[in-house]
Number of protein chains: 2
Amino acid sequence: MDINDLILVSVDDHVVEPPDMFAGRLPARYADQAPKVITKDDGTDAWVFEGQEATNVGLNAVAGRPPDEYGAEPTRFSEIRPGCFDIHERIRDMNAGGLAASMNFPSYPQFCGQYFARAGDKDLALAVLRAYNDWHLDEWCGTYPGRMIPLALPPIWDPTLMAQEVRRVAAKGCHAVTFSENPEKLGYPSLHSDHWDPFWQACSDQNTVVCLHIGSSSQVVVTSLDAPVDTMITLQPMSIVQAAADLIWSPFLRRFPDLTLALSEGGIGWIPYFLERVDRVYKQHRAWTHQDFGDMLPSELFLQRIVTCFIEDEFGVASREKLNIDMVTWECDYPHSDSSWPLAPESLGRCLGGVPDRDVAKITHENALRLFSFDLFSHLPGEQATVGALRARAGDVDLGYRSSERLRKVGTAPVSVLDLARQLPTSGGS
Amino acid sequence: MDINDLILVSVDDHVVEPPDMFAGRLPARYADQAPKVITKDDGTDAWVFEGQEATNVGLNAVAGRPPDEYGAEPTRFSEIRPGCFDIHERIRDMNAGGLAASMNFPSYPQFCGQYFARAGDKDLALAVLRAYNDWHLDEWCGTYPGRMIPLALPPIWDPTLMAQEVRRVAAKGCHAVTFSENPEKLGYPSLHSDHWDPFWQACSDQNTVVCLHIGSSSQVVVTSLDAPVDTMITLQPMSIVQAAADLIWSPFLRRFPDLTLALSEGGIGWIPYFLERVDRVYKQHRAWTHQDFGDMLPSELFLQRIVTCFIEDEFGVASREKLNIDMVTWECDYPHSDSSWPLAPESLGRCLGGVPDRDVAKITHENALRLFSFDLFSHLPGEQATVGALRARAGDVDLGYRSSERLRKVGTAPVSVLDLARQLPTSGGS
């Protein structure tokens, strides 16, 4: 395998939304009330909507920043690499990183639009959310056809509206929607309730994948506030195991047999253990818990219906015979701090040593294109979509670190969760 | 490999303490205040100490009960298999299950003695805790030398007293002590504080392994109350990953280089993924989190110092080259609901197919005996310690299910976490 020959489709990257995203996209009566970017007294930029402030947290847009300047401080657009928010620059960064196509999760609205859902005026919120999705589909994804896989936000406060929005965006070619790994933590009924049935039905009907990103419960696992922050960073991907357990044991996955969900940024190396555990629990406890999977095992349900993905996971790839190779995808995580951009091909290459070409093709792009109903090759023929071909176009992209005096930290003491939390702004919701 | 030739040492089973455990073991002034067993109006038995009630929760002592009668109800001693609390019957059950030796965690005092730690009179609590440990060492472990590996409870409210108790029981041959996977959740300083240094020092000095059992933070991961209870059961072992992350990133493991800890009932199949993740976090984030492991990787620290164990984990055993084979142990979990007793040898045998004899010996008994400084063979020579030899002695042990009309459930609807919680008594602490 030559990494230059890989065709890379990432199912989890992030857009930092540009300030002008709503221009001309809202009905006139709402135009003044759209979320807007303000510059605060300390010079940092923040989105404001119905009085709610949302900052661009540093760690969420560190592509191109020296690693010793990472942190949770609110940032300014001028401190963020333009590829985070400018689609032309993003495509250039994708070329430099060898990425043929990419699916982008939101930033300030949070992973499944919690920011919009907290609005008091729900008609306004719906108009804003639709404008967001239109901007995402028409501008972010539409400017360079074939490069950005569309992903919609749902109006999580109303399952009927969610279903309508899923159908509306599907008609525009979008077959992925974000949702919460645990809606109960957001104040809504849990995944085990039938509250969400209209949403599941619409996604089933439209062949739309429901993407549960790590952190989409607005909660992270924190062992203690004085724990080194590395503890939290370590645990974050694997914490999606809680959602995985919910999906398997909840009746809705069996009730909607055409529904597909994705565990975004969840990693894969822990899954074989987890599935063995699930089947053991089933055999050991079903007599009193009354679970019934008919003639299949719970692990089989997971393998058929749950899309998995990884950034860099050698053990997981080496254990792929315990997974469903048709459901394993890859992600780059640009511009977050766990991303290996611009050396993603090299990072992924380390995981793919010894893997047959057939499996490499599935993991790197075929599964993602099929699952998200995305047509890459009619826009970017295979020979133009490889890492080598894309990088050849990007010789003029500056990949050097851009330092910011303001974000440089003093001291060398280990950083705790509390230290990181203190960098966050005091306002802002969950 | 013939399972009859295996020598099985389990590092995690449980004793249900008998009502007479404190008889003659406390100073006269405390004799009346010792924890005692009462029979409640509903006929169930409970321990009472300083007004705190602790029941024997059904799921914690289900050995020999039909699986459709499992649940969380308080039970009566008469409903519990005598092997749970009678050492003579326990040895017979161990023989029938092919177990040569076993380490037993406590029941009513909770995993690290939280029940005693909640007492108002701390002098009394210390006297009771020492009497508990003496009973455990002298009676539970002493009656059949070579069969029960001693394990002490620490007085977690005072690290200096903990150190004293570790030294006191080590002089009596005990080189294992329980502690909490997350003491902050119990209201004490976290693992990251230097508060525990006297305890770590004593354990280092005495070659005493600190055992962190799943659930020893008095908390379980619950995704939502209406989640099927299978969700909670699935997640429980793997949730020890939070403690594993704490151990790796906290400075104390590096400050006490002779200290060994065990993740009791944690499983092993998730660990290779976890260690790869840990090393990636180190390389990706250390520039700003300021972690420093000198010339080693964090994964190497874990592999050297953390004892792992499993009940049944085929994937984990198959992945053992990613673990430290000298630190992998096995457990039976008698009499809890995840135990495979009395068919533990058959269950383990499924995991050991194709594993070389050298590794089988380490996993099944050599590691446990070395790590816990336990002398099995001078009491039970190898040829008498095998599954086959022990079972040959146990032909008269009744292994049929013993049903209880009272515990039989009505209905077939899936059981939720809330359903289970409703079976628990309303009193009792955390």
(message) Cβ-Cβ distance below 9 Å, separation of 6 or more or different chains: which pairs start in the stretch A:408-424 with a residue that is facing chain B (nearest Cβ under 7 Å) and end on one that is outside any strand (DSSP E or B) and surrounded by fewer than 13 Cβ atoms within 10 Å (Cβ to Cβ)?
(response) A:T412/B:D292; A:P414/B:D292
(message) Looking only at the stretch B:60-76, how many residues end up being open to solvent by 30 Å² or more (accessible area, probe 1.4 Å) and either under 20 Å from the mean Cα position of the chain (by Cα) or of a type in the set (F, W, Y) (or both)?
(response) 1
(request) Name, by its number, the condition in (1) open to solvent by less than 10 Å² (accessible area, probe 1.4 Å); (2) over 25 Å from A:F310 (Cα atoms); (3) away from every other protein chain (no Cβ under 13 Å) that does not hold for A:S224. (result) (3)
(request) Output the qualifying pairs, or none if there are none: Cβ atoms under 9 angstrom, residues six or more apart or on different chains, first residue in the stretch A:34-53 and more than 19 Å from A:D123 (Cβ to Cβ) and in contact (Cβ under 8 Å) with a residue 60 or more places away in the chain, second residue open to solvent by 30 Å² or more (accessible area, probe 1.4 Å) and of a type in the set (A, V, I, L, M, F, W, C). (result) A:A46/A:V37; A:A46/A:I38; A:W47/A:V37; A:W47/A:I38; A:E53/A:I38
(request) Take B:D279 and decide whether it is within 14 Å of chain A (Cβ to nearest Cβ) and over 29 Å from B:L399 (Cα atoms). (result) yes
(request) Please indicate, with yes or no, whether at least one residue in the stretch B:340-348 is at pLDDT below 95 and part of a loop (DSSP other than H, G, I, E, B). (result) yes
(message) Looking only at the stretch B:238-254, count every residue that is free of Cβ contacts under 8 Å to residues at least 60 places away in the same chain, within 8 Å of chain A (Cβ to nearest Cβ) and not small (G, A, S) and tell me the total.
(response) 5
(request) Among residues belonging to the stretch A:48-64 that are in a loop (DSSP other than H, G, I, E, B) and in contact with a Pro (Cβ under 9 Å, 6 or more places away or on another chain), point out the one that is farthest from the other protein chains (Cβ to nearest Cβ). (result) A:E50
(message) Out of everything in the stretch A:77-110 that is surrounded by fewer than 24 Cβ atoms within 10 Å (Cβ to Cβ) and of a type in the set (D, E), what residue ends up being nearest to the chain's Cα centre (by Cα)?
(response) A:D86
(request) Taking the residues in the stretch A:146-201 that are open to solvent by 10 Å² or more (accessible area, probe 1.4 Å) and at positive phi as candidates, determine which candidate is nearest to the other protein chains (Cβ to nearest Cβ). (result) A:G187
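So if I check each of B:V229, B:V278, B:V210, B:V241, which one is surrounded by 22 or more Cβ atoms within 10 Å (Cβ to Cβ) and within 17 Å of B:P159 (Cβ to Cβ)?
B:V210
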(request) Would you point out the residue of the stretch B:128-138, among those that are closer than 19 Å to B:S373 by Cα and in contact (Cβ under 8 Å) with a residue 40 or more places away in the chain, that is most open to solvent (accessible area, probe 1.4 Å)? (result) B:D134
(request) For the stretch A:224-282, name all the residues that are in a strand (DSSP E or B) and in contact with a helix residue (DSSP H, G or I) (Cβ under 9 Å, 6 or more places away or on another chain). (result) A:P228, A:L261, A:A262, A:L263
(request) Kindly check whether there is at least one residue in the stretch A:314-330 that is assigned to a helix (DSSP H, G or I) and among the small types (G, A, S). (result) yes
(request) Being part of a helix (DSSP H, G or I) and hydrophobic (A, V, I, L, M, F, W, C) is the filter; apply it to the stretch B:1-37 and report the residue that is most open to solvent (accessible area, probe 1.4 Å). (result) B:A28
(message) Exactly one condition in (1) among the hydrophobic types (A, V, I, L, M, F, W, C); (2) open to solvent by 20 Å² or more (accessible area, probe 1.4 Å); (3) over 29 Å from A:S102 (Cβ atoms) is false for A:W288; which is it?
(response) (2)
(request) Report yes if A:D313 is crowded, with 20+ Cβ neighbours inside 10 Å, closer than 29 Å to A:N207 by Cβ and without any contact (Cβ under 8 Å) to a residue 60 or more places away in the chain, otherwise no. (result) yes
(message) Would you confirm, using the coordinates I've provided, whether B:P381 is over 23 Å from B:I248 (Cα atoms) and either free of Cβ contacts under 8 Å to residues at least 24 places away in the same chain or of a type in the set (F, W, Y) (or both)?
(response) yes
(request) Output the residues belonging to the stretch A:258-275 that are crowded, with 24+ Cβ neighbours inside 10 Å, of a type in the set (V, I, T) and out of contact with any Gly (no Cβ under 6 Å at 6 or more places or on another chain). (result) A:I271
(request) May I ask you to list the residues in the stretch A:283-313 that are touching a strand residue (DSSP E or B) at 6+ places or on another chain (Cβ under 7 Å) and part of a loop (DSSP other than H, G, I, E, B)? (result) A:Q291
(request) Considering only residues that are assigned to a loop (DSSP other than H, G, I, E, B), open to solvent by less than 50 Å² (accessible area, probe 1.4 Å) and hydroxyl-bearing (S, T, Y), look in the stretch B:378-430 and name the one that is farthest from B:Y108 (Cα to Cα). (result) B:T386
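Residues checked against (1) part of a loop (DSSP other than H, G, I, E, B); (2) under 19 Å from the mean Cα position of the chain (by Cα); (3) of a type in the set (D, E, K, R):
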| residue | (1), (2), (3) |
| --- | --- |
| A:L124 | no, no, no |
| A:A131 | no, no, no |
| A:H136 | no, yes, no |
| A:G146 | yes, yes, no |
| A:M162 | no, yes, no |
| A:V166 | no, yes, no |
| A:G173 | yes, yes, no |
| A:E184 | no, no, yes |
(message) Scan the stretch B:293-304 and tell me whether some residue there is more than 26 Å from B:Q201 (Cα to Cα), more than 8 Å from chain A (Cβ to nearest Cβ), acidic (D, E) and surrounded by fewer than 24 Cβ atoms within 10 Å (Cβ to Cβ).
(response) no
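Filter the stretch B:202-221 for residues that are part of a loop (DSSP other than H, G, I, E, B) and hydroxyl-bearing (S, T, Y); which is nearest to the other protein chains (Cβ to nearest Cβ)? Walk me through how you get there before you give the answer.
Looking only at the stretch B:202-221, we keep the residues that are part of a loop (DSSP other than H, G, I, E, B), and these are B:207-208, B:214-221.
Next, only the ones that are hydroxyl-bearing (S, T, Y) stay: B:208, B:216-218.
Working: B:T208: 24, B:S216: 13, B:S217: 9, B:S218: 14 Å.
Among them, the one singled out is B:S217.
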(request) Among the residues of the stretch B:255-273, count how many are within 13 Å of B:A245 (Cβ to Cβ) and facing chain A (nearest Cβ under 7 Å). (result) 2
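The values are calculated or read from the model by the stated rules, or taken from the named source; none is laboratory data. No experiment lies behind these values; they were computed from the predicted model shown. Here Cβ is always computed from backbone atoms with ideal geometry, including for glycine, and neighbour counts include all displayed protein chains. SASA here: full protein model, heavy atoms, side chains in, ligands and nucleic acids out. Shrake-Rupley method; radii C 1.70, N 1.55, O 1.52, S 1.80 Å.
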